[in-house]
Structures are given as structure tokens and as C-alpha cells.
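Everything on this sheet refers to the single structure shown next.
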Amino acid sequence: MGTNEGQVHREVMQLQATSAQVRAFIMTHERILDYYPAPLEGGVFEAGRSIWCRGEIGVSMLQRLEEESSDDCVVVLVTTAIGLDPPYTSEAIEAATTFTMVEDWALSASTDGTTLTKTWRDVRTPGDPPFPIEDAVRDTAKGESGVLIERWNAAARAGL
């Protein structure tokens, strides 16, 4: 997470949840669906390491990059496929990839919970993008934070 090269957007959020709760939420499809654009369903490929979420526009696979992650920063590779039909498997999502990006979820304890600094970076497309992907990622990211904060705080209070 050292440089800003490839960075598309960064948000700093104050959450009323412990760092352990936030770390767990990052790889839980229910929590990702809390703010995912037009969410429909999600599932688990490998608990704590790989999940999928589907919205009206497409399906995304989120994979924890173990070699880049630590207790203070969870690094996730997001692979998104638009127009993919079920069944949703990691192989099908990878084969139909529209774009990939990396998300850094940096966690630090604060007086009333956790400061989450989320960075979207390294957007890649396997061919000619169907639309300006970096602009779409930035625009979507800007609308996610408020919903994430509200719903993750509620989930933390509920002990989910």
C-alpha cells in the first residue's frame, strides 16, 4: 500500500466496530452486500479467503491476497464479470472478467472503534473496456461509504 501509483480513490471512515469485527466483515458476503451496488445475492468460495457478490449489473469475486495482507491491512483482489450467468464459480468469473482491481482495507484502532482507510487501486481490463472503468469505480466508491458505515455499525452492535 506504499505508493499512490495506480490509486483510483481513497476514503477514510470511522466505524463503531472493533478492528477484529471490521477485518471479519471484509470477507463476509453479507457485509459486502450491505453496500454493493444494486445487491441481489452472494456466497462463499472459501471461508475467510474468497467470496462472491452479485448485483444487477454483474458479479464480483473478492479474494484476500494473503501475501500482501496483515492484521492492519486486508488486501483484496476484486474480479468483476458483467453479464455472467449462473452458476457462479471462481473459474467462470475469471473466464468472463470485465475488470479487476485491488482494494486495500487499512485498519487502525480509534477511541470509539476503528478508522478504516479504504483504497481502490490498480484497475485492469483484459481488453477494450465497455466504459471508463476507473471513472465508474471512483463514482461508485464515493457513494458506498455512508451506507457501509451505517450498516457495518449496526452489524457490529448486533454482534453479527
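Below are the figures for this structure:
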quantity: Per principal axis, descending, Cα span of the chain in whole Å; calculated: 46, 33, 29
quantity: Listed residues W52, Y35, A92: farthest to the positive end of the dipole of the stretch 1-131 (Cβ charges); calculated: Y35
quantity: Student exercise, the chain dipole from Lys, Arg, Asp, Glu Cβ charges, in Debye to nearest 20; calculated: 380 debye
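Every number here is computed from the coordinates shown, using simple stated rules; none is lab data. Here the structure is a predicted model, which means the values were calculated and not measured. Neighbour counts are summed over all protein chains in view; Cβ atoms, including those assigned to glycine, are modelled from backbone coordinates with ideal geometry.
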